[in-house]
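Peer 1: Take a look at this one; I'll ask things after.
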Amino acid sequence: MAAADRVYLRDAPAKLLPAPVASTGVLGWMRTNLFSSPGNIALTLICVGLVVWIVPSLLRFFIFDAVWSGANREACLPTELQPEPGACWAFVRVWLSYFVYGFYPASERWRVDLFFVLLALGIGWLAWLGAPRRDLGAVYFFIMLPILSFVLLSGVPMLGLADVPTSLWGGILVTIVVATVGIVASLPLGILLALGRRSDMPAVRLFSVAFIEFVRGVPLITVLFMASVMLPLFVPDRFSPDKLMRALIGVALFASAYMAEVVRGGLVSIPRGQYEAAQALALPYWRMMMLVILPQALRVTLPNIVNTFIGLFKDTTLVFIVGIFDFLRTIEAARGDPHWATPVTSVTGYAFAAVFYFVCCYGMSRYARNVEARLARAHRR
Amino acid sequence: MSNRPQYLRRTRQQWINIALQVLLAIIVVGLIYGAAVNASNNLAKANIASGFRFWNNTAGFDISQALIDYSSSTSTFGRAIWVGLLNTLLVASLGIVLATALGFTIGIARLSRNRLVSHLAGGYVELVRNVPLLLQILFWYNAVLKSLPDLRGSIALPGGAYLNNRGLFFPQPQFGTNFGYVAGALVIGVLATVMLHIWARRRQDRTGEPPRTLTYAFGLIVVLPVLVFFAAGAPLSFSFPEMARFNIRGGTEILPELAALLVALTIYTAAFIAEVVRAGILAVAPGQTEAAQALGLRSGATLRLIVVPQAMRVIVPPLTSQYLNLTKNSSLAVAIGYPDLVQVAGSVLNITGQAVEVIAITMAFYLFISLTTSLLMNLYGYRIRIVER
């Protein structure tokens with residue numbers, strides 16, 4: 001047979017197909033993630049437009065055209081050279097010590113700084129899961145630190161620390177104090193309430209359920225109003241707590257109801273076998289809770305506890321409404337200063353406050369997420 | 001007692017428990033009694049009345065926004081509190097609608113396969129969730145709305161509306177006498193559509209014929225009322241806002257307080273709703289989608305019939321609690337002077353001095369809403385629970 005008859009054999013190489021569309025590399029990533037369909041292309045274009053529209057003007061306002069130094073409003077007013085000045089950071093710089101300490105006497109501010117350091121130590125000890133002796137850390141944070149801070153901040157004349165009435169406290173100091181008291185008081189109270197809600201004593205259960213549902217059903221503002229207006233009515237005149245104290249009581253009660261629900265979630269998640277095993281070992285109730293159940297339950301709920309704390313930290317701003325000079329209130333007060341009355345003062349003040357709260361809350365939420373991921377890994381083994 | 005058999009006798013632990021409960025009851029009752037005694041002493045000393053008699057006294061203060069007739073000289077404190085309550089309900093219901101729309105959009109955008117879209121949505125959620133709501137409200141009110149131009153420099157918007165630092169002024173619809181027919185036609189249209197839908201669903205169950213009701217629904221809900229509108233002689237006119245020398249006459253307005261509160265609540269709550277929606281959609285196992293595709297369902301039908309119903313089971317409970325949060329958060333209105341329940345109650349409290357009664361009324365309202373909602377949620381949870389064999 002001649003070769004020419006075997007028509008099924010090619011005598012020339014087939015035409016080359018074009019290379020497949022790249023799905024790796026920068027271009028490939030863009031193609032799969034940004035331009036996969038006409039709808040997607042449109043979305044991408046809209047988003048790019050949004051970014052191009054917003055980001056440069058934000059950068060211009062907050063960084064490039066911002067005024068970084070100056071002694072009064074003159075620096076931040078529009079001039080012929082700069083018809084549209086950006087944020088007035090000079091204002092924040094001048095008022096910064098007020099934002100941090102309020103009217104705390106300048107000569108005593110080292111006490112506030114020391115309080116911040118002690119607090120950071122306590123938080124670090126508890127938050128770092130690999131830290132040595134975290135049980136001691138808990139004792140330090142929940143017992144020693146409150147006493148130390150009280151002595152430091154409000155002063156004991158006997159020890160040579162002058163009295164500083166709480167009406168002089170202000171700014172970030174008050175925000176941190178409210179948040180710290182909230183967490184220090186609400187965690188133990190919340191654990192007690194959660195245990196009470198799962199107790200088999202009907203009176204205890206009824207009390208816990210009523211308290212938790214009542215507090216969770218009303219806004220924090222009304223609780224704060226109750227604490228600041230009704231509390232003085234409920235106690236004899238001479239025991240009437242001062243303004244900050246009242247707000248602290250309100251915040252602590254409010255936070256403990258929310259904490260109770262979070263802890264209860266942890267208690268529910270512990271398998272029944274753990275309870276039964278503890279009972280089989282004849283552990284009495286409190287030792288069962290302290291040695292077996294709570295250590296596991298709190299570990300599981302740590303991310304939720306941190307998330308509740310983030311909520312609490314944001315909610316501290318509400319003490320502003322019952323007349324306490326927390327950080328936000330100091331911003332409001334400084335914003336109204338006629339020496340700094342410019343069109344950009346308010347925006348600058350709020351932006352500064354927003355950055356502060358964002359950094360704190362975002363940091364905490366990242367921490368919660370890391371712990372969660374770590375717990376998930378430990379769980380999977 | 002000693003006659004009872006051993007197994008019926010209470011153990012020592014049980015006696016301790018009973019003693020503990022009695023102790024708790026004594027402490028609680030004692031605290032309440034002590035507080036009541038102190039309160040009545042302190043109130044008597046300050047010469048403040050007690051009881052709810054103030055409810056029918058003339059209020060004597062102005063409220064900047066009232067949905068029902070209210071005047072400072074003739075209306076009572078009770079009426080004032082109703083005005084505040086309605087204002088709270090107004091801002092809460094508007095906020096819930098807007099936040100749901102924005103929240104679902106952002107939540108779905110977070111799951112988009114388009115990385116730019118999902119990252120932008122993620123950035124929005126992180127930014128908004130981590131800044132206190134009160135700060136956001138103050139920002140929108142003081143930094144944005146209050147820095148709008150004043151009356152003279154009012155920005156004229158299309159459609160005859162004006163925007164300035166006193167609020168948004170827009171044309172107010174004036175309904176003619178025949179407008180009732182149009183509203184009636186709309187109601188009939190909606191009811192008929194619902195019935196049509198039920199019928200089509202039943203027919204689909206019976207015969208497998210897909211429901212094609214969209215055209216009819218459009219006809220019933222849109223075309224019918226429009227026809228009736230023109231048949232009734234177009235009984236609708238507008239009162240346009242007009243610039244006068246010192247104010248704007250005519251039209252109706254949205255207070256800047258309401259606008260700031262609404263914007264802040266919407267933006268804040270939407271971030272939380274977005275997370276709820278995302279978690280709900282992610283909670284539907286991918287096998288469900290794959291099974292639907294294996295059965296030959298198109299992607300739209302997969303979403304509508306398989307994914308959304310299962311996601312809703314996860315979404316609805318936390319979504320409701322976000323709605324409750326929004327309602328409770330609307331009490332922050334007091335910081336910018338929007339006359340909601342808490343703000344009005346605050347005025348009443350300042351005038352009458354009757355803190356216990358006023359705060360009790362306020363709390364009772366929020367408690368009523370919260371407890372009713374959680375009751376409904378429990379019923380819903382019971383209805384949609386997965387019935388296992």
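Nothing in this text is a laboratory measurement; each read-out follows from the coordinates by a stated rule. For clarity, every value in this text was computed on a predicted model and none was experimentally measured. Methodologically, a virtual Cβ is constructed for each residue, glycine included, from the backbone with ideal geometry; neighbour enumeration extends over all protein chains shown.
Peer 1: Which of the lysines could a cross-linker span from B:K146 if the Cα-Cα distance has to be under 26 Å and same-chain partners fewer than 8 positions apart are dropped?
Peer 2: B:K146 reaches A:K314, B:K328.
Peer 1: By its C-alpha gyration tensor, with a ≥ b ≥ c as the square roots of the eigenvalues, how is region A:156-236 shaped: rounded for a/c under 1.5, else prolate for a/b larger than b/c, else oblate?
Peer 2: prolate
Peer 1: Of the peptides A:147-154, A:90-97, how do they stack up when ordered by the mean number of other Cβ atoms within 10 Å, highest first?
Peer 2: A:90-97, A:147-154
Peer 1: Taking 35 Å as R0, compute the FRET efficiency from the Cβ-Cβ separation of B:L157 and A:S37 and round it to 0.05.
Peer 2: 0.45
Peer 1: Using alpha carbon centroids, what distance separates region A:164-230 and region B:71-96, in Å?
Peer 2: Between the Cα centre of region A:164-230 and that of region B:71-96, the gap is 29 Å.
Peer 1: Could I ask something else about it? Would you mind giving the mean number of other chain beta-carbons within 10 Å of the Cβ of each residue in B:108-117, as a whole number?
Peer 2: Across the residues of B:108-117, the mean count of other-chain Cβ atoms within 10 Å is 5.
Peer 1: Now for a separate question. Quick one: net charge around A:G155, please, counting Lys, Arg +1 and Asp, Glu -1 for every other residue with C-beta under 10 Å from its C-beta.
Peer 2: Overall, the nearby charge balance is -1.
Peer 1: Would you mind classifying region B:1-158 by shape? Square roots of the alpha carbon gyration tensor eigenvalues, ordered a ≥ b ≥ c; an a/c under 1.5 is rounded, otherwise it is prolate if a/b is larger than b/c and oblate if not.
Peer 2: Taking the square roots of the gyration eigenvalues as a ≥ b ≥ c, region B:1-158 is oblate.
Peer 1: For A:Y8, A:Y275, what ranking results if the residue with the fewest other Cβ atoms within 10 Å of its Cβ goes first?
Peer 2: A:Y8, A:Y275
Peer 1: So, one more: Summarise the partner chain shielding of A:223-234 as one whole number: the mean count of Cβ atoms from other chains within 10 Å of each residue's Cβ.
Peer 2: 5
Peer 1: Between B:R304 and B:R115, what is the label-point separation in nm under the 7 Å Cα-to-beta-carbon projection?
Peer 2: 3.4
Peer 1: Next question, about the same structure. Under a straight-distance cross-link criterion of Cα-Cα below 19 Å, which aspartates and glutamates are reachable from B:K45, leaving out those fewer than 8 residues away in the same chain?
Peer 2: Output for B:K45: A:D237, B:E357.
Peer 1: Moving to a separate point now. Give the average, rounded to an integer, of partner chain Cβ atoms located within 10 angstrom of each Cβ in A:235-248.
Peer 2: That average works out to 1.
Peer 1: Run the helix sum for the protein assembly as shown: -39,500 (n - 2.57) per DSSP H stretch of 4+ residues, divided by residue count, reported at 222 nm to the nearest 500 deg cm²/dmol.
Peer 2: -20500 deg cm²/dmol
Peer 1: Still on this structure: In whole Å, what is the distance between the alpha-carbon centres of region A:263-338 and region B:9-41?
Peer 2: 27
Peer 1: On to the next question. Note down the nm distance, to one decimal, between modelled labels 7 Å out along Cα→Cβ at A:Q296 and at B:F238.
Peer 2: Distance between label points: 6.7 nm.
Peer 1: Still on this structure, I have one more. Considering chain B as a Gaussian network with a 10 Å cut-off on Cα pairs, which listed residue, B:Y366, B:Y268, B:Y33, attains the greatest mean-square fluctuation?
Peer 2: B:Y33
Peer 1: Another question, then. How would you order A:52-59, B:234-241 from highest to lowest mean count of nearby Cβ atoms within 10 Å?
Peer 2: B:234-241, A:52-59
Peer 1: Sticking with this structure for a sec: Under Stokes-Einstein, with the Kirkwood radius over Cα pairs standing in for Rh, what whole-number D in µm²/s applies to region A:233-353 at 20 °C and 1.002 mPa s?
Peer 2: Answer from the Stokes-Einstein relation: 117 µm²/s.
Peer 1: How do B:296-302, B:324-330 rank on mean C-beta neighbours within 10 Å, highest first?
Peer 2: B:324-330, B:296-302
Peer 1: Specify whether the C-alpha gyration tensor of chain B places it in the rounded, prolate or oblate class, a ≥ b ≥ c being the square roots of the eigenvalues: rounded for a/c under 1.5, otherwise prolate if a/b is larger than b/c and oblate if not.
Peer 2: oblate
Peer 1: What is the calculated FRET efficiency for B:L24 to B:L94, with r their C-beta to C-beta distance and R₀ = 51 Å, to the nearest 0.05?
Peer 2: Given R0 = 51 Å and the Cβ-Cβ separation, E is 0.70.
Peer 1: Estimate the FRET efficiency between A:A71 and A:L50 by the formula 1/(1 + (r/R0)^6), using the beta-carbon distance for r and 56 Å for R0, to the nearest 0.05.
Peer 2: About 0.90, to the nearest 0.05.
Peer 1: Still on this structure: Can you tell me how much longer the chain between A:A12 and A:L126 gets when fully stretched, taken as 0.36 nm per residue apart minus their C-alpha distance, in nm with one decimal?
Peer 2: 33.5 nm
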